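The values are calculated or read from the model by the stated rules, or taken from the named source; none is laboratory data. Keep in mind it's a predicted model, so treat the numbers as computed, not measured. All Cβ positions, glycine included, derive from the backbone under ideal geometry; neighbour counts span all protein chains shown. Protein only, heavy atoms only, side chains kept; ligands, DNA and RNA dropped before computing areas. Shrake-Rupley method; radii C 1.70, N 1.55, O 1.52, S 1.80 Å.
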Amino acid sequence: MAVGHIQITGTGQLVELSRRLRTAGGPRLRANFARRIRHAAEPLYNDMQQTIRNLPIDAEPRKAGSRGGKSPTTRPLRATIASAVRLSVRTGTNPGARVWIDRSALPSDLKFMPEGMNKPNGRIRHPTFGNKSRGGWVNQWTTPMWWDKTVQRHQPRMRAEVERVLGDVRRTIT
């Protein structure tokens, strides 16, 4: 699974339940269904943001004779990416919850950084201080597959919660 989104949608049970909600449940029941699905996905959403904020990033040591310098940006990388994590819930034709990173909320130079940080080897390769014309590229490492691992930790709980919501709503409309 690529970094960017996780969704529990389109299962036959959710689609059938959505159809029944439209005909039998009315807006109040649909709102309750959406609220409970959102509640099931919120721990993943919160953990995803926390994981990104605390993700360790290690760098190669500087080469002998190289001069360091201050970063040209004051923008905090991990907090910027964490602020782009989104959660949405749909109850229409493709019901479910989705947690993803909204690239439009990221600065243009960071749009593909979450995918880069989620690589199996954990390597982030980028120009020195973001300046391609300055020459030189650096490698940094982070926890490999951090997005996927965070999702995997939450899947059993989310599936159980969604099943519970489906059962409750099914009993209400039948």
remark   = Only unsatisfied item for Arg86, checking (1) at pLDDT below 90; (2) within 14 Å of the chain's Cα centre (by Cα); (3) open to solvent by 30 Å² or more (accessible area, probe 1.4 Å), is (1)
Helices (runs of 4 or more DSSP H) lying entirely in region 1-82 (those with 1 or more residues that are within 20 Å of Ile101 (Cα to Cα), in contact with a Lys or Arg (Cβ under 6 Å, 6 or more places away or on another chain) and modelled with pLDDT of 85 or more) = 26-53, 77-82
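Considering each of Gly92, Gly136 in turn, give the residue that is modelled with pLDDT under 90, on the phi > 0 side of the Ramachandran plot and touching a helix residue (DSSP H, G or I) at 6+ places or on another chain (Cβ under 8 Å). Spell out the reasoning first.
Numbers: Gly92 fails: on the phi > 0 side of the Ramachandran plot.
Every option except Gly136 fails the conditions.
Out of the residues in region 145-173 that are of a type outside the set (A, V, I, L, M) and free of Cβ contacts under 8 Å to residues at least 24 places away in the same chain, state the one that is farthest from Pro43 (Cα to Cα). Give the derivation first.
Residues of region 145-173 that are of a type outside the set (A, V, I, L, M), as a first pass: 146-150, 152-157, 159, 161, 163-164, 167-168, 170-172.
Checking the rest, the ones that are also free of Cβ contacts under 8 Å to residues at least 24 places away in the same chain come to 149, 152, 155-156, 163-164, 167, 171.
Numbers: Lys149: 14, Gln152: 13, Gln155: 11, Pro156: 12, Glu163: 16, Arg164: 16, Gly167: 21, Arg171: 26 Å.
Among those that are of a type outside the set (A, V, I, L, M) and free of Cβ contacts under 8 Å to residues at least 24 places away in the same chain, it is Arg171.
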ask   = Regarding Arg164, is this residue open to solvent by 40 Å² or more (accessible area, probe 1.4 Å) and at pLDDT 85 or above?
value = yes
